[in-house]
Amino acid sequence: MRQKLSKFIFFFLLISTVSYGQMQSYDHKIELTNITDTWHNITLSSTVFSSTLENLSDIRIYGITADNDTIEAPYLLNYVSPKLKTKTVDYKLLNASTKDGVYYFTLKVPSKDAVNHINLNFENKNFDWKTLVQASHNQKDWFTIYKDYRIVAIKNDQTNYSFTDITFPGAEYTYFRIGIKSDDEPTLRRATLQYKQTQSKANTVDRKIKSFTVSDNKNTKQTIVHIELDKKAPTHQVTINVNDKIDYYRPIQIEELIDSIKTEKGFIYNYETLNYGTLSSIEQNKFTFNNTFAKKLRITISNFDNEPLQVTSATSKGYKYQLTARFTKPATYYLTYGNKRAYAPNYDIAKLNLKMPDIINQLTLGNQQTIAKKEKAVQEPLFENKLWLWGIMAVIMVIIGWFSYKMLSKKPE
């Protein structure tokens, strides 16, 4: 008995595994045309994202051969994010001097390395300084890189914020001089000189915003911004646009909507934090976070005792997700997706250090098609006429009554 049961379970699992690997298990497909090479790139669109699982584990590429066999093409899933190469450049602090109320710090770079980023770290906790940045080869002829460049640090019970990064086009100079006009003497703890180079451009796309609302809560002294994206797609960046011309430094919290629960008093919304930051008048107010597929975002701005800011709009971006697929057999191939029970594929090409071609042609996705499901055959009732059913029930009742009579009339021995 156990042996038969084991064989049945094995057979059931086998049938289930095979069935889940077929296109019938998926909801949508898009035909892939103009396949001319072994390797092709496929950029996923918002149409695909709207019907896939958030971990994208239900994406498959199936092909139908001339013999009507189903084959599967393996792929690598990736998104193109910028790769930043940073080299720290050694320097020596030559002197710190003051002239006409301006404090100067001269830095010498012994090597011929280029510099395009300087971070200043002061012992001073609170300041708002206009900075002069100059460079020279001989300490006689100075070239101005920035004039009145603003650096700020605020530390109190409400805020711990600093902006002391100076970024400029790459420059190869032996000397750099920082001039700060201040009533209080700046105490430079250290400076960090770097050359930052982006090795690849950020391959991003704009995420269209469906609705944007702003409300002020006087009780909590907060401004609440609700953003609803047009479609479900991976998003990693939000930029907040403020119309105020005054200086401001406000802590913010960026959240994504996870789910909602309907109660008698209305809906209760559950949010999860994506990032914390500071909304500032001297920065671009561009905030990044881990990719999210949530369509609704909430941004909370803490105003404290200040007037609410005029938040006018917002923009959002997301990385382009791309499949690099390998096609080895002639067939009509489809990108299929939409299966809540699918698991992530396990391909050899994901584990091997394959040498990809330098140039991989891009496939363009066509229109989405709904995969028709095979209708289950409806079993006809054994007896369509109810008189047959009543007749059978009557016969059963007569038989039961006759056996009951025989049992009661039988005399005990």
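The values are calculated or read from the model by the stated rules, or taken from the named source; none is laboratory data. From a predicted model like this one, the values you see are computed outputs, not experimental measurements. Backbone-built Cβ (ideal geometry, glycine too); neighbour counts: all protein chains shown. Remember, those area values only see protein heavy atoms, side chains included, never the ligands or the DNA or RNA. Shrake-Rupley method; radii C 1.70, N 1.55, O 1.52, S 1.80 Å.
Points to keep in mind about this one:
- Divided by 2.2 N^0.38 Å, where N counts the residues, the Cα radius of gyration of the stretch 171-282 comes to 1.60.
- Rolling a 1.4 Å probe over the protein heavy atoms of the chain, with every protein chain left in place, gives an accessible area that is 50 percent carbon and sulfur.
- Whether the chain is rounded, prolate or oblate, judged on the alpha carbon gyration tensor where a/c under 1.5 counts as rounded: prolate
- Gained length - Val205 relative to Val102, 0.36 nm times residue gap less alpha-carbon distance: 32.6 nm
- When the helices of the chain are scored as -39500 (n - 2.57) per DSSP H run of n ≥ 4 and the total is divided over every residue, the value at 222 nm lands at -4000 deg cm²/dmol.
- Peptides 392-400, 208-216, 176-184 ordered by average Cβ neighbours within 10 Å, highest first: 176-184, 208-216, 392-400
- Degrees between helix 2-20 axis and first principal axis of the chain (Cα, 0 to 90, nearest 10): 50 degrees
- Along the axis of the charge dipole computed for the stretch 107-174 (Cβ charges of +1 for Lys and Arg, -1 for Asp and Glu, origin at the Cα centre), the listed residues Phe168, Ile118, His137 are led at the positive end by His137.
- Alpha-carbon centroid distance for the pair the stretch 133-192 / the stretch 321-373, whole angstrom: 50 Å
- Entries in Lys87/Lys181; Lys231/Lys340; Lys130/Lys221; Lys218/Lys245 that, when Cα-Cα distance is taken, lie over 24 Å: Lys87/Lys181; Lys130/Lys221
- Taking label positions 7 Å along the Cα-Cβ direction at both Asp37 and Asp259, the computed distance is 4.5 nm, reported to one decimal.
- Dipole check for the chain: with +1 at the C-beta of Lys and Arg, -1 at the C-beta of Asp and Glu, and the Cα centre as origin, the magnitude is about 1020 Debye.
- Gln24-Gln158 pseudo-label distance in nm [points 7 Å out on the Cα-to-Cβ vector]: 6.6 nm
- Rg ratio (alpha-carbon, reference 2.2 N^0.38 Å) - the stretch 113-234: 1.50
- Peptides ranked, highest mean first, by Cβ atoms within 10 Å: ranges 284-297, 326-339: 326-339, 284-297
- Computed about the Cα centre, the dipole magnitude for the stretch 117-234 is approximately 440 debye when only Lys and Arg (+1) and Asp and Glu (-1) carry charge, each at its Cβ.
- A cut-off under 12 angstrom between Cβ atoms defines the neighbours of Asn303, and their net charge, with Lys, Arg +1 and Asp, Glu -1, is -1.
- Accessible surface calculations at 1.4 Å, restricted to protein heavy atoms, place the stretch 82-196 at 59 Å² per residue.
- Other-chain or far-sequence residues with amide H under 5 Å of Leu32's (modelled H): Tyr333, Tyr334, Leu335
- Alpha-carbon radius of gyration plus Dmax, which is the widest Cα pair, for the stretch 116-169 in Å: 13.5, 45
- Potential extension, Tyr269-Ile224 segment - 0.36 nm per residue separation minus Cα distance: 14.8 nm
- Magnitude of the charge dipole for the stretch 315-371, about its Cα centre and with charges confined to Cβ atoms of Lys, Arg (+1) and Asp, Glu (-1), is about 180 debye.
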